[in-house]
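The next block holds one structure in the form of C-alpha cells; read it before the comments.
The values are calculated or read from the model by the stated rules, or taken from the named source; none is laboratory data. Keep in mind that what you see is a predicted model, and the values were worked out from it rather than measured. Here the Cβ positions follow ideal geometry from the backbone for every residue, glycine too, while neighbour counts run over all protein chains shown.
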Amino acid sequence: MDIQKLLSQMTLQEKLGQLTQVNAVFFKPDNTADITGPVSLLGIEESDALYCGSTLNFIGAKDMKKIQDIAMAAQPHGIPLLFMQDVIHGYRTIYPIPLGMGCTFDEELVEECARMAGKEAAVSGVHVTFSPMLDLVRDARWGRVMESTGEDPFLNGRLGAAFVRGYQGDKLQGKYDIAACVKHFAAYGAPEAGRDYNAVELSEHTLRESYLPGYRACIDAGVEMIMPSFNTVGGVPSTCNRLLLDKILRREWAFDGIVISDYNAYREMVKHGVAEDDKHAAELAIGAGCDIEMMSATAYLHGEELLAEGRLTMEQIDRAVLRVLELKDRLGLFENPYRVANEQEEAELHLCPAHRALARRAAEEASVLLKNENVLPFSKNAKKIAVIGPFAKEKGIKGFWACAGRDEDCVTVLAGVRALLPDAEVASVKGCSWEIGETEVPELDEAIELASEADAVVLCLGEYQEHSGEGNSRATLTLSPAQMTLARAVLKHNKNTAAVIFGGRPLVLTDLAEIAPAMLYVWQPGTEGGNAVARLLFGDANPSGKLSMSFPYAEGQCPIYYSRMNTGRPVEDPKVVSKRPYRSRYLDAPVLPLYPFGHGLSYNTYTYDNFTVSDDKITPDTPLEIAVTVKNEGQYQGKETVQLYIHDKFASVARPLLELKDFVKLELAPGESAAVIFTLTEEDLRFHTLDGTFASERGEFEVFVGPNSDQLMGATVYLEK
Ligand code: BGC
C-alpha cells in the first residue's frame, strides 16, 4: 500500500478520525447503535464514529468482521479499523495474573504464554493488545500491582521483553502475531498512598534509575506502541508530559511507534487542572507527542480550529496519521482487513487442551510456597480430604483483566482435588464469604466437623479477583476477621492443614503465618487454577515460584521493596523491632517485610556451595565470573532460581543496598547439582550519577548470590577504571 499517497488524498476529518479510538459499541453490527450513557458524552455522532481509525472492547471474530465491514463502507477511502483489546494474561484461556508470572522468573514461559494469548486473540480479530504493563510496583495497596511483573526493574525488563516477543513474534511476520503496547508510561505504579490514579512524585533520578528501565526494555524489544499513564508526574499528566513523551521517549529512546493515550485521558487533563478545556487538552497531548486519543474525541472535534489558530501543525497531524496507517499496513490490513479472524479457529483454539496445559503449567510455576513445616506435599494416600474456605468452590479465580475469559471455564480447587484423587472422599464447605472486612462465619461448625475428620485439609483463603485491578486500591491488606476465625478453628482441629491463598497483590499474612504450618500463595491462577493447586499440594508438581514483590509485615510498611536505600541511622537487625531510639525503625514492626523479594520454597532443599569470584578486581575490559554450585538435596525433580545481586558501597549518589543483576532458573533431578556461572561486566555497574550521566564509578562493590534477596553469600570486588 502506498501510504504516503493515501495520506495525501485524505481530508482533515479523515485524518483526525484515524487519531481517534472509540468503543466498539459505536459500531454495533446491526448499525442501530443507541449511543447513550458515558459514550454520548464524547460529543460525536454515530456518523463521526465511523471515521474513527481504531476500536476497543469488542469480543469475537464474528462481531469483528461485521464491525470492520461497517467501518470500511463508511470510510471515504475504505481504510480498515485497527482492533485493540486488553489481552493481559490470556484471551479465553487465562493464565496467572502478571504479578504471578513475575514469580516464575521464566522468560521462555512468559513468552510462550503471551504467544498463546496472542494466537487466541488474533483469531478473534484482535490486532493490538494493551500489554505488557511494565509499571514498577512497590506498594501493595495499589490494586493494579496484579498487572505488573513486580518490584524490580531488571526482572520487569527481562519479562517485559519476553511478553513483547511472545505477542509480536518476529516483527509481526507470523500468522498469529499481534502488536503489543507497553504501558503505562510512566511511573503509574507509584501513586501517592497507593490510591489509583493519584499523583506521582519522583525525582528524575529515581524515575530513570528504577521506573523507566522496564518500559525501555520493551522499546528495545521492538514494541509497536506505548500508552502514557493517567497520573501526573511532578504535576504534569503523562498524557502531555514533554519530559516523558518528547525528551525521553522520542528523542533519547528514538521511539517512532504509536503513542496512544489511556482511556479518556485527554479530557482528564481538564480535571487535573492543566488543560483549560477539551480543545486545550488536544493541543497539549498532540503537542507532547500523542498519536491516538482513546475514548474521547477532543482532537477530532477541535483539530481544525487548533490548526487554524496555529496551535497545532499539519506536520504533527500527518506524522501521527502516518504511524497509524503504517501499523495497519504492517499488519496486512489493507490486503486482508479481517486478518486471521476466524470463527472456526476460535472454536478450535480457545481453551484447547494444549492451551489449558500451558495455563496449568504457568499456574504451577507462578505459585509460591511461602512456608512449609513438614505438611506438604500431602500424601496421595489420604482417604478423607477437606477443602474448606471461601475459595474452595470459587470459580472467580481468573483475576482482573481477563478479557474474554469466563469464570465458568475455571477449575476450582475442589474440582482439581477430586479430579486428581478420584478414589478419595473429598468434602467441602465454604465457611464464610471472601468479602473485605467480613466478620461472620456462618458455617463454622460444619468447617470444624469436616476438618476434624479429615486426613488432610486444604484451607482456601484470600482476596477476590475484583478486589484488585483498576480502581481497586485497599487501605487494609489483611485477611478478614471471618477468614482468620475460620483459619484458627480449622487449624485447632487439624494440624495437617495447608493454607492456599488467592490474591491479586501481596496480602498481609503475618497473623496467618503464626498459626498455619504451610502456606501456598497461588495469586489469581486462571482457568486451570484448581488443577494446578491440586498437583502442587499432592506432589505431582513441585513449587518453584519466587516472589516478584515483597510481602509486607504490615500495611504501614508500604511502599516496601528489597532494593531500598540505607539511612544514616539504620537498625542493627532489620528483622526485629528495634529498641534503640532515633533509629530508622517502626515501634511496632520490623523494617523488613514478612517475606522478601525472591523468596519461595520447594519440596526440596537446595544447597549453595563453592561460591567463587574470578578476581577481586573488575575493569571495563575484564568482566568477573561469579560461580556457585547448586545441589538438589531433596527427593523431587525441581526448579530453583539462582539470583545475582550487587551493592555499590560508595558512589556520588546513594545506591540501593541490593540490586538484582541476573538470575538463572535451574531444573535439577534428586541428588543432581549444577554449576551456575554469572558474568558481571562494568556495564552492569552503571547508574545515573550525580552529574546525570549513566556511568560506573570506581570503588568497592559487593557481589552476592543466593536463593532470595535475604539469604546471600557475597564477596567484595573493586572496580578499576
Ligand atoms: C486502563 C488501561 C487499559 C484501557 C483500555 C484503562 O482504564 O488504564 O490499562 O488498557 O483502559 O481498556
Extreme residue, farthest from the ligand (Cβ to nearest atom), among residues of segment 270-281 that are out of contact with any Asp or Glu (no Cβ under 9 Å at 6 or more places or on another chain) and assigned to a helix (DSSP H, G or I): His280
Residue match in segment 387-394 (condition: away from the ligand (no atom under 16 Å from the Cβ), under 23 Å from the mean Cα position of the chain (by Cα) and free of Cβ contacts under 8 Å to residues at least 24 places away in the same chain): no
Criterion: acidic (Asp, Glu) and part of a strand (DSSP E or B) - qualifying residue of Glu683, Glu640, Glu697: Glu640
Within segment 147-169, considering residues that are over 18 Å from Gln643 (Cβ atoms) and outside any helix (DSSP H, G or I), the one farthest from the ligand (Cβ to nearest atom): Gly169
Failed criterion for Ile248 (all others in (1) within 18 Å of Leu136 (Cβ to Cβ); (2) surrounded by fewer than 18 Cβ atoms within 10 Å (Cβ to Cβ) hold): (2)
Enumeration of residues in segment 119-146 that are within 13 Å of the ligand (Cβ to nearest atom) and of a type outside the set (Lys, Arg): Val126, Val128, Thr129, Phe130, Ser131, Pro132, Met133, Leu134, Asp135, Trp142, Gly143, Met146
Filter result for the condition that a residue is surrounded by 14 or more Cβ atoms within 10 Å (Cβ to Cβ), among the acidic types (Asp, Glu) and in contact with a helix residue (DSSP H, G or I) (Cβ under 8 Å, 6 or more places away or on another chain), over Glu659, Glu640, Glu682: Glu659
Qualifying residues in segment 282-313 (those that are under 21 Å from Asn231 (Cβ atoms) and assigned to a loop (DSSP other than H, G, I, E, B)) - the one farthest from the ligand (Cβ to nearest atom): Gly289
Options Glu209, Glu224; residue that is modelled with pLDDT of 95 or more and out of contact with any Pro (no Cβ under 9 Å at 6 or more places or on another chain): Glu224
Residue count, segment 249-267 (criterion: part of a loop (DSSP other than H, G, I, E, B) and either away from the ligand (no atom under 16 Å from the Cβ) or touching a helix residue (DSSP H, G or I) at 6+ places or on another chain (Cβ under 9 Å) (or both)): 8
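Per-residue answers, yes or no, for (1) surrounded by fewer than 20 Cβ atoms within 10 Å (Cβ to Cβ); (2) under 26 Å from Gly235 (Cβ atoms):
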position: Arg267; (1), (2): no, yes
position: Gly273; (1), (2): yes, yes
position: Ala297; (1), (2): no, no
position: Leu306; (1), (2): no, yes
position: Ile317; (1), (2): no, no
Leu202, sole failed condition from (1) over 25 Å from Glu466 (Cα atoms); (2) among the aliphatic types (A, V, I, L, M); (3) more than 16 Å from the ligand (Cβ to nearest atom); (4) buried (at least 20 other Cβ atoms within 10 Å of the Cβ): (4)
Selection within segment 590-616 - under 24 Å from the mean Cα position of the chain (by Cα), more than 15 Å from Lys575 (Cβ to Cβ) and of a type in the set (A, V, I, L, M): Leu601
Selection from segment 186-213 of residues that are without any contact (Cβ under 8 Å) to a residue 60 or more places away in the chain, in a helix (DSSP H, G or I) and under 19 Å from the mean Cα position of the chain (by Cα): Leu207
Residue list for segment 358-411, restricted to those being surrounded by 24 or more Cβ atoms within 10 Å (Cβ to Cβ) and polar (S, T, N, Q): Ser367
Residue check, Ala320 touching a residue at least 40 places away in the same chain (Cβ under 8 Å), among the hydrophobic types (A, V, I, L, M, F, W, C), in a helix (DSSP H, G or I) and within 16 Å of the ligand (Cβ to nearest atom): no
Filtered residues of segment 58-71 (kept if within 16 Å of the ligand (Cβ to nearest atom) and either at pLDDT 90 or above or β-branched (Val, Ile, Thr) (or both)): Ile59
First in segment 257-275 and without any contact (Cβ under 8 Å) to a residue 24 or more places away in the chain, second anywhere and surrounded by fewer than 23 Cβ atoms within 10 Å (Cβ to Cβ), Cβ under 7 Å, 6 or more apart: Val270/Asp277; Val270/Asp278
Tally, over segment 72-87, of residues that are farther than 27 Å from Gly405 by Cα and either polar (S, T, N, Q) or within 16 Å of the ligand (Cβ to nearest atom) (or both): 1
Per-region count, segment 88-118, residues closer than 15 Å to Met146 by Cβ and either surrounded by fewer than 24 Cβ atoms within 10 Å (Cβ to Cβ) or within 16 Å of the ligand (Cβ to nearest atom) (or both): 6
Every residue from segment 515-534 that is in a strand (DSSP E or B) and over 19 Å from Gly102 (Cβ atoms): Ala518
Neighbours by Cβ (under 7 Å, 6+ apart or cross-chain): first from segment 472-485, within 12 Å of Arg505 (Cα to Cα); second β-branched (Val, Ile, Thr) and part of a strand (DSSP E or B): Leu477/Val508; Thr478/Val508
Which listed residue, of Ser602, Ser673, Ser614, is in contact with a Phe, Trp or Tyr (Cβ under 8 Å, 6 or more places away or on another chain) and more than 20 Å from Glu697 (Cα to Cα): Ser602
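Residues checked against (1) β-branched (Val, Ile, Thr); (2) in contact (Cβ under 8 Å) with a residue 60 or more places away in the chain:
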position	(1), (2)
Ile67	yes, no
Ile70	yes, no
Gly100	no, yes
Val128	yes, yes
Leu136	no, yes
Odd one out for Leu50 among (1) crowded, with 18+ Cβ neighbours inside 10 Å; (2) touching a Phe, Trp or Tyr at 6+ places or on another chain (Cβ under 9 Å); (3) within 27 Å of Ala402 (Cβ to Cβ); (4) modelled with pLDDT under 95: (3)
Test: Phe334 is under 26 Å from Glu147 (Cβ atoms) and either touching a residue at least 24 places away in the same chain (Cβ under 8 Å) or not in a strand (DSSP E or B) (or both): no
Evaluation of Met294 against (1) within 28 Å of Arg505 (Cα to Cα); (2) under 20 Å from the mean Cα position of the chain (by Cα) (one fails), failing number: (2)
Segment 148-173, residues that are among the polar types (S, T, N, Q) and under 12 Å from the mean Cα position of the chain (by Cα): Ser148, Thr149, Asn156
